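The values are calculated or read from the model by the stated rules, or taken from the named source; none is laboratory data. Owing to the predicted nature of the structure, the values given are computational and were not obtained by experimental measurement. Please note: Cβ atoms are built from the backbone with ideal geometry, for glycine as well, and neighbour counts cover all protein chains shown.
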Amino acid sequence: MAAKLRERDGFYWVVVHVNGRRKWKKIGRDKREALKVVHKINAQLALGSYQIEAPQRERTVAEALRAWFAAYRPTFSESFTESAEIIMRVHLEPAFGSIPLSKLCERDLLGFVRAQTEEKTRPLSPATLTNILSLLRRVLTLAVDEGELQRNPCRNLGRLLTKVRQQRASEVSRVDSWTREEVARLLGLAQAHEPRFHPLLLFLLSTGCRKGEGIAIKWEDVDLVGGRVLIRRAFVRGRFRTPKTGRARSVALSPALAAALEDLLAQRRREALERGWPEVPELVFCSETSGPLDDRNVTRSWDRLRRRAKAAGVRPLRLHDARHSFASLALASGKSIRWVAAQLGHANPELTLRVYAHALREEEADLSFLDFAGGTRRHPRGTERMRAIGTTKPLRVTPRRGLRMLERETGIEPATLGLGSRCSTS
């Protein structure tokens, strides 16, 4: 009977052997604390006072999911709370709920993926599968950290779902965005048929902000002189909250957008006088009652506009694709990845590059910046001279320059004129 120290995956475990039974106890990453526990248990074993704990019934996956949801719910946003509850009730608990945590393996996950993609008339998309199983991975990771599990069967989830996505896709996907011509046509239709919705659409297309961030903009956040707007809140599911990233950011305003907002402010002042409002509404894009825009009304306005735009030759994309259109047009115009990432509020420019790499400018065909020696074997006169020859302005050729050019092109040195008359011998 003894207690021994073991290290696994960066953590220290105390393994106790007593009365033919073995118990693992996770201590942490501090080796000194783990050794103290080992010495204490060995002392108790020597005195005969150590009592091994009675084995507890292992939790099932459903119990672990519900315990995690109850413990961490105060940290969830309202939208994540709703989606997580639906994922657990509709997908995870029916598929894995009765399985003990230690019995769950990678084969169970693959069986779930196969059932949802091959055995259903309406299979789930790879993105939906990722959302479902990512929640399960979060719960199992917590169980590993607390010592309840020794390994996480979802640790290779990303690799598995990437292969599923590749097998089901017929081509490489990329984000959808409108061209400059489509954006101009879309804004023209909005101004003619949805005048109340037009300023918000122009703002989203000109800044790349999310819809909830645009609805929550207040006049105090807008600097028309400096051409900036501060994004520090969002209006989601009927209430104000922090932006998705939890951080504020300053977004640049184009001169056209700044002028449009200045006109909108003047319009709000006229509306306040006409309707008897005590002051100008604090929200930039407000409803006809001076309150925040209702999400359903925004969706209805967009649906009407999208039908008109489709008839006019504009692709019927989502309203969120205004954000993608801004990023794609900015990168195509030569803006840096870092600037676009700051505008969009991405924490890491690598995300911006990964999503919008297709929008970057094509590689330049002019490689003259690599002409270090002033010429090449194919063009010995140098790139600059070849460019000059290709222009409409003719190159002035003197007799001496003509002989030099003939020598370079043929490799034959011409005879020196008058050499025989200047020599002493014939």
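A few notes on this one:
- Residue that is nearest to the chain's Cα centre (by Cα) [pool: residues in the range 56-92 that are surrounded by fewer than 16 Cβ atoms within 10 Å (Cβ to Cβ) and among the aliphatic types (A, V, I, L, M)]: 86
- With respect to the stated conditions, residue 162 fails to be under 24 Å from residue 335 (Cα atoms), out of contact with any strand residue (DSSP E or B) (no Cβ under 6 Å at 6 or more places or on another chain) and β-branched (Val, Ile, Thr).
- Taking every residue in the range 164-177 that is under 11 Å from residue 358 (Cα atoms) and pairing it with any residue that is surrounded by fewer than 13 Cβ atoms within 10 Å (Cβ to Cβ) and modelled with pLDDT of 70 or more, at least 6 positions away or on another chain, the pairs with Cβ-Cβ distances below 7 Å are 174/358.
- For the range 178-204, the set of residues classified as crowded, with 20+ Cβ neighbours inside 10 Å and under 15 Å from residue 359 (Cβ atoms) consists of 178, 183, listed by residue number.
- Residue match in the range 107-123 (condition: within 23 Å of residue 165 (Cα to Cα), β-branched (Val, Ile, Thr), more than 28 Å from the chain's Cα centre (by Cα) and not in a helix (DSSP H, G or I)): yes
- Some residue of the range 255-268 being buried (at least 16 other Cβ atoms within 10 Å of the Cβ) and not in a helix (DSSP H, G or I): no
- Checking residue 285 against (1) at pLDDT 90 or above; (2) more than 25 Å from residue 78 (Cα to Cα); (3) aromatic (Phe, Trp, Tyr), the condition it does not meet: (2)
- Checklist (1) modelled with pLDDT of 80 or more; (2) under 29 Å from residue 326 (Cα atoms) applied to residue 87, failing item: (2)
- Some residue of the range 217-235 being part of a helix (DSSP H, G or I), surrounded by 22 or more Cβ atoms within 10 Å (Cβ to Cβ) and out of contact with any Leu (no Cβ under 6 Å at 6 or more places or on another chain): no
- Those helices (runs of 4 or more DSSP H) of the range 289-364 in which at least 3 residues are surrounded by fewer than 16 Cβ atoms within 10 Å (Cβ to Cβ), considering only elements entirely within it, cover 295-311, 349-356.
- Boolean, residue 141 is surrounded by fewer than 17 Cβ atoms within 10 Å (Cβ to Cβ), out of contact with any strand residue (DSSP E or B) (no Cβ under 7 Å at 6 or more places or on another chain), hydroxyl-bearing (Ser, Thr, Tyr) and over 20 Å from residue 73 (Cβ atoms): no
- The combined condition, being assigned by TED's automatic domain parsing to the domain that holds residue 156 and either over 30 Å from residue 241 (Cβ atoms) or not hydroxyl-bearing (Ser, Thr, Tyr) (or both), is not fulfilled by residue 11.
- All positions within the range 124-157 that are in a loop (DSSP other than H, G, I, E, B) and touching a helix residue (DSSP H, G or I) at 6+ places or on another chain (Cβ under 6 Å): 124, 149, 152, 153, 154
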